[in-house]
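The values are calculated or read from the model by the stated rules, or taken from the named source; none is laboratory data. This one's a predicted model, so the numbers in the text were calculated from it and none came from an experiment. When we count neighbours, we look across all protein chains shown, and the Cβ atoms used for this are built from the backbone with ideal geometry, even at glycine. With ligands, DNA and RNA removed, areas are computed over all heavy atoms of the protein, side chains included. Shrake-Rupley method; radii C 1.70, N 1.55, O 1.52, S 1.80 Å.
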There are 2 protein chains.
Amino acid sequence: MQKTATQAPGLHRASLTKLNELDAALELMYYGWRGMTLAADEYLAALGLSRPHHRILYVVARRPDISIGALIEVLGISKQALNRPLGLLLERKLLVSKRSPEQHRSKLLRLTAAGQRIEQSASDHERKVLREAFDRVGAPGAAAWMAVMGAIADNN
Amino acid sequence: MQKTATQAPGLHRASLTKLNELDAALELMYYGWRGMTLAADEYLAALGLSRPHHRILYVVARRPDISIGALIEVLGISKQALNRPLGLLLERKLLVSKRSPEQHRSKLLRLTAAGQRIEQSASDHERKVLREAFDRVGAPGAAAWMAVMGAIADNN
DNA sequence: ATTCTCACGTCAACTAAGTTGACATTAGAA
DNA sequence: TTCTAATGTCAACTTAGTTGACGTGAGAAT
């Protein structure tokens with residue numbers, strides 16, 4: 001006998017009894033996160049990178065010449081936690097740091113062309129998932145999704 | 001000068017330039033997850049529990065008499081990874097295991113009354129966030145959110 | 001009745017991604 | 001010079017997982 005189709009490795013959807021009307025929504029939040037990031041994580045893993053590296057690339061792409069300290073603030077992690085992944089990105093020349101032009105004592109970070117390519121590809125994988133989902137529900141549905149997520153995100 | 005309002009500990013929203021139309025949606029997915037789970041995680045932490053424990057309680061609540069093997073399947077983790085948190089829940093008598101009534105060689109898991117209370121409280125914290133967000137957009141908005149998240153979750 | 005096998009349990013070593021604390025470096029500011 | 005702010009680094013720890021190896025207990029098979 002076959003082994004009853006072991007299926008996906010994570011939680012599979014719709015296998016649990018709903019005890020509450022909102023359980024389905026609750027579970028969708030779990031699966032949604034994974035659904036959005038799965039392809040990007042695979043892409044990154046193939047390059048020897050992972051989520052923390054992507055987070056750094058994502059932020060630096062949107063805040064060129066950000067200082068180390070500001071990056072730490074935005075990411076919400078300690079400088080020691082930042083050290084390893086940041087060091088790898090610098091070593092691989094996906095990121096460059098320069099001391100501030102004349103003034104300041106902080107180091108400013110910026111993506112290289114290679115870093116930009118990788119950041120864009122990884123984020124594209126995530127945006128593709130979103131775009132396809134939005135396409136299925138149309139602009140009003142997408143707007144509603146944004147409104148709901150905004151309200152949820154406010155609980156931070 | 002003040003220190004420019006050090007703000008929240010995580011990523012704070014809306015601080016990044018948008019390079020792409022979908023960047024806002026992408027970031028909402030990050031913040032949304034944290035927004036939904038924050039209160040629940042604090043509640044659990046106060047009890048000396050965390051997300052893995054909640055995941056176990058959540059699943060067992062919705063699949064009473066689930067076997068260890070099936071639980072491993074649903075959670076998508078190894079039996080070694082399950083061992084610690086499951087052991088704690090049994091030790092604290094939030095969960096009981098019994099060998100199957102007559103047949104089978106598997107152990108069946110079930111919540112105790114105390115386990116049910118905690119599972120419900122933790123999940124309630126998450127559902128409260130969802131409910132409030134849904135209330136702000138009305139039933140059609142909530143339905144659209146579900147549709148979008150369903151489409152995203154399908155990428156698993 | 002022994003043996004086989006399945007479900008479960010556990011030990012050890014490892015990885016990823018963080019944490020805190022302590023201390024060193026480096027370069028403007030006083 | 002000396003002070004201090006921004007950065008860098010070392011060590012020890014935590015959480016939440018991983019793989020591999022091996023042990024146990026009970027039903028099934030011969």
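General remarks:
- Test: residue in segment A:114-132 that is within 14 Å of another protein chain (Cβ to nearest Cβ), within 9 Å of DNA strand D (Cβ to nearest atom) and either of a type outside the set (Gly, Ala, Ser) or surrounded by 15 or more Cβ atoms within 10 Å (Cβ to Cβ) (or both): no
- If the condition is being within 12 Å of DNA strand C (Cβ to nearest atom) and within 16 Å of B:Tyr30 (Cβ to Cβ), then segment A:41-70 contributes A:Asp41, A:Leu44, A:Ser50, A:Arg51, A:Pro52, A:His53, A:His54, A:Arg55, A:Ile56.
- Restricted to segment B:35-71, and to residues there that are over 14 Å from B:Leu86 (Cα atoms), away from DNA strand D (no atom under 13 Å from the Cβ) and open to solvent by less than 10 Å² (accessible area, probe 1.4 Å), the residue that is farthest from the other protein chains (Cβ to nearest Cβ) is B:Met36.
- Residues considered: A:Leu82, A:Leu19, A:Leu26. Of these, the only one that is of a type in the set (A, V, I, L, M) and within 15 Å of DNA strand D (Cβ to nearest atom) is A:Leu82.
- Of the residues making up segment A:85-94, not a single one is more than 12 Å from DNA strand C (Cβ to nearest atom), within 11 Å of chain B (Cβ to nearest Cβ) and more than 16 Å from the chain's Cα centre (by Cα).
- Test for B:Asp135: is it over 20 Å from the mean Cα position of the chain (by Cα) and under 30 Å from A:Ala144 (Cβ atoms): yes
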